[in-house]
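Scroll down for the structure; my scribbles are underneath it.
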């Protein structure tokens, strides 16, 4: 197995220059990331219950899950009006905030359907103001749909995909919900994606699924090392040894019938095509926040692929993007295209230190 060890600044610049001309749809579960910045010094005791009444000093929100991918596509320079959302929200306050945030990024909402009988998925994240570390986080509150997605909503999603496909360079799919068939990416959508990917081989189909990556076929899939190896309860700091990971990855590539990209945290990625290749990460110092790192890597990798990169090159761009977003604490980070050359310089220096570049 080889290691990808070099990309020139000129090659990166060539890929980035093409980002603005690309047309990408993001299909999947659009969440609202909503942060409540709590000021601990203002805490009160409830007269009625005797419990602590935490005082919210500020409220922040941004697109989450599939919306995180949109945020990074926009930050990386994908053309305004060339990013399309496919999915649905409820008809509630969270939907209003999410749609406003997506529109501000230049994302088309024409195919983000308004479905009154569904809730807008939301991650509500209280945290201590002024403490961006993990210790400042309170327990998170999740709002998700836990009943099956109605047939008429699934049909509209497929119709939206078909309406957009003739003009797209890439389709990114994010299956975020753990509850099967309760989000956007139901079994019906999985079948539709496989059929369209076979019919349109010139279009990039990239899929990330939190729980069900093995049910996809004929599309490029991104998953983490534990999903590939079948580890159901990894602990912080765990990693899958290569002698266990690679045979499992080979079986997954065969079953999928298309390329597989495996994320390995600080060790970067492994891609299967055109041959198994390790793509090292850019190592960074200091505290990190991995929230949304995988989604930001997806945005970078898919833009690079659509710009003409080979898969190992695209994985490196994804790694560079993620190395930037993880350094943004207490928020769902994004990376800008102009930040990538300096991060590539860091990565190349680390490869020279290892004696592989």
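Laboratory data are not the source of any read-out in this text; all were calculated from the coordinates shown. Fair warning: this is a prediction, and the values are worked out from it, not measured in the lab. When we count neighbours, we look across all protein chains shown, and the Cβ atoms used for this are built from the backbone with ideal geometry, even at glycine.
Which of rounded, prolate, oblate describes the stretch 8-47, given a ≥ b ≥ c as roots of the alpha-carbon gyration tensor eigenvalues and a/c under 1.5 marking rounded, otherwise prolate only if a/b is larger than b/c?
Cα axes put the stretch 8-47 in the oblate bin.
Using only the Cα atoms of the stretch 1-79, what semi-axes does the equivalent ellipsoid have when each is the square root of 5 times a gyration tensor eigenvalue? Give whole Å, largest first.
After diagonalising the Cα gyration tensor, the semi-axes are 44, 16, 13 Å.
Using only the Cα atoms of the stretch 263-357, build the gyration tensor, take square roots of its eigenvalues as a ≥ b ≥ c, and label the shape rounded, prolate or oblate: rounded if a/c is under 1.5, else prolate if a/b is larger than b/c, else oblate.
Here the stretch 263-357 falls in the oblate category.
For mean projected area of the Cα convex hull in nm², the listed values are [x] 21.2; [y] 25.4; [z] 18.5; which was obtained by calculation from the structure presented?
Recomputing mean projected area of the Cα convex hull in nm² here gives the entry labelled [z].
Kindly rank 231-242, 326-337 from highest to lowest mean number of other beta carbons found within 10 Å of each residue.
Averaged packing, sorted descending, gives the order 326-337, 231-242.
Taking the DSSP beta bridges in the chain as the whole, what percent of them are antiparallel, to the nearest 5?
About 35 percent, rounded to the nearest 5.
What are the radius of gyration and Dmax of the stretch 100-139, computed over its Cα atoms and given in Å?
15.5, 40
Once you place label points 7 Å from the Cα toward the Cβ at residue 254 and residue 331, how far apart are they in nm?
Each label point is offset 7 Å from its Cα along the Cβ direction, giving 4.7 nm.
Any chance you could check the Cα centroid distance between the stretch 77-99 and the stretch 102-122 for me, in angstrom?
4
In Å, the Kirkwood hydrodynamic radius of the stretch 46-102 over pairs of distinct alpha carbons?
Result for the stretch 46-102 stands at 14.1 Å.
How big is the antiparallel share of DSSP beta bridges in the stretch 1-131, given as a percent to the nearest 5?
40
What is the distance in Å between the Cα centroid of the stretch 10-50 and that of the stretch 265-311?
19
Could you estimate the translational diffusion coefficient of the stretch 285-333 from the Stokes-Einstein equation, with Rh from the Kirkwood formula over C-alpha pairs, at 37 °C and 0.692 mPa s, in whole µm²/s?
306
With the Cα gyration tensor of the stretch 215-320 in hand, give its eigenvalues times 5 under a square root as the equivalent ellipsoid semi-axes, listed largest first in whole angstrom.
Each semi-axis is √(5λ); the values are 20, 19, 12 Å.
Over all directions, how big on average is the projection of the convex hull of the alpha-carbon atoms in the stretch 170-233, in square nanometres?
Orientation-averaged projected area of the Cα hull: 4.3 nm².
Have a look at 139, 108, 62 and tell me which one the Gaussian network model of the chain (Cα, springs below 10 Å) gives the largest fluctuation.
139
What number, rounded to the nearest 500 deg cm²/dmol, is the helix-based mean residue ellipticity at 222 nm of the chain, given -39500 (n - 2.57) per DSSP H run of at least four residues and division by all its residues?
Helix contribution divided over all residues of the chain: -11000 deg cm²/dmol.
Answer rounded, prolate or oblate for the stretch 134-284, using the Cα gyration tensor with square roots of eigenvalues a ≥ b ≥ c: rounded when a/c is under 1.5, else prolate when a/b is larger than b/c, else oblate.
oblate
If you take every DSSP beta bridge whose two residues both sit in the stretch 206-326, what share of them, in percent to the nearest 5, is antiparallel?
Given both bridge residues lie in the stretch 206-326, the antiparallel proportion sits at roughly 45 percent.
How many percent of Cα pairs in the stretch 124-222 exceed 19 Å?
Cα-Cα pairs of the stretch 124-222 separated by over 19 Å account for 52 percent.
With just the Cα atoms defining each centre, how far is the stretch 202-245 from the stretch 133-190? Give it in Å.
So the two Cα centres are separated by 18 Å.
Semi-axes of the equivalent ellipsoid for the stretch 219-264, please: Cα gyration tensor eigenvalues, times 5, square-rooted, ordered largest first, whole Å.
Whole-Å semi-axes of the equivalent ellipsoid: 19, 11, 8.
Which of the peptides 87-98, 194-205, 66-77 is most tightly packed, and how do the rest follow, judged by the mean count of other Cβ atoms within 10 Å per residue?
So the order, starting with the most tightly packed, is 66-77, 87-98, 194-205.
As a test of understanding, state the convex hull volume per residue of the stretch 29-162 from its alpha carbons, in Å³.
Enclosed volume per residue, from the Cα hull, is 132 Å³.
Using a 10 Å cut-off on Cβ atoms, rank the peptides 115-127, 141-153, 290-302, 9-21 from the highest mean neighbour count down.
Packing proxy ranking, top to bottom: 290-302, 115-127, 9-21, 141-153.
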